[in-house]
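Single-structure report; data block below.
The values are calculated or read from the model by the stated rules, or taken from the named source; none is laboratory data. None of these values were measured; they are calculated from a predicted model. Here the Cβ positions follow ideal geometry from the backbone for every residue, glycine too, while neighbour counts run over all protein chains shown.
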Amino acid sequence: MIRYIRSCALGLAIAAGPVAAQVVLAQTGEELYQENCASCHGATLEGEPNWRERSSDGKLPAPPHDETGHTWHHADRILTDIIKRGTAEIVGGGYESNMPGFADVLTDAQIEEILGYIKSTWPDRARTVQEDVTRGDIEARE
């Protein structure tokens, strides 16, 4: 039922115009973020304390997704791949991480909504840098 209501709201927002659609996607993305990501990355995208220092288990804590972290340094393709497959699979070479893959939990559209929400919290400078990184990644792959 909630998905039906969300899809109706998105349809109405798209009919109302691009700005309204972005607001709905960010709201839906925030809900998905809270349900799937906040337990590790923080309710306000703040990450875990001392996220740059390995824990006693040898793994890095969850980084912030706000502008103080490094999420905005990565292209959309990389961020989507990490969410789908998990950090250890992306890094390889025996790297260990607490970040699981969500390919069996989230659809591509839901991942896009979550990333849209995260990006909506960044200052213009970080969004511009991340857009440039994504554009460069796309061009390099063509």
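The listed residues are I82, I90, and the only one of them that is buried (at least 17 other Cβ atoms within 10 Å of the Cβ), of a type in the set (A, V, I, L, M) and either within 21 Å of E112 (Cα to Cα) or without any contact (Cβ under 8 Å) to a residue 12 or more places away in the chain (or both) turns out to be I82.
For (1) exposed (fewer than 13 other Cβ atoms within 10 Å of the Cβ); (2) within 16 Å of H74 (Cα to Cα); (3) in contact with a Pro (Cβ under 6 Å, 6 or more places away or on another chain), each residue gets a yes or a no:
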site	(1), (2), (3)
S97	no, no, no
L106	no, no, no
Q110	no, no, no
Y117	no, yes, no
D124	yes, yes, no
T134	no, yes, no
E139	yes, yes, no
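Only a single criterion out of (1) at pLDDT 95 or above; (2) in a helix (DSSP H, G or I); (3) among the hydroxyl-bearing types (S, T, Y) is not satisfied by T28, namely (1).
Of all the residues in the range 97-142, those that are touching a helix residue (DSSP H, G or I) at 6+ places or on another chain (Cβ under 7 Å) and farther than 18 Å from I83 by Cβ number 3.
Scanning the range 70-95 for residues that are assigned to a loop (DSSP other than H, G, I, E, B) and among the hydroxyl-bearing types (S, T, Y) returns a single hit, Y95.
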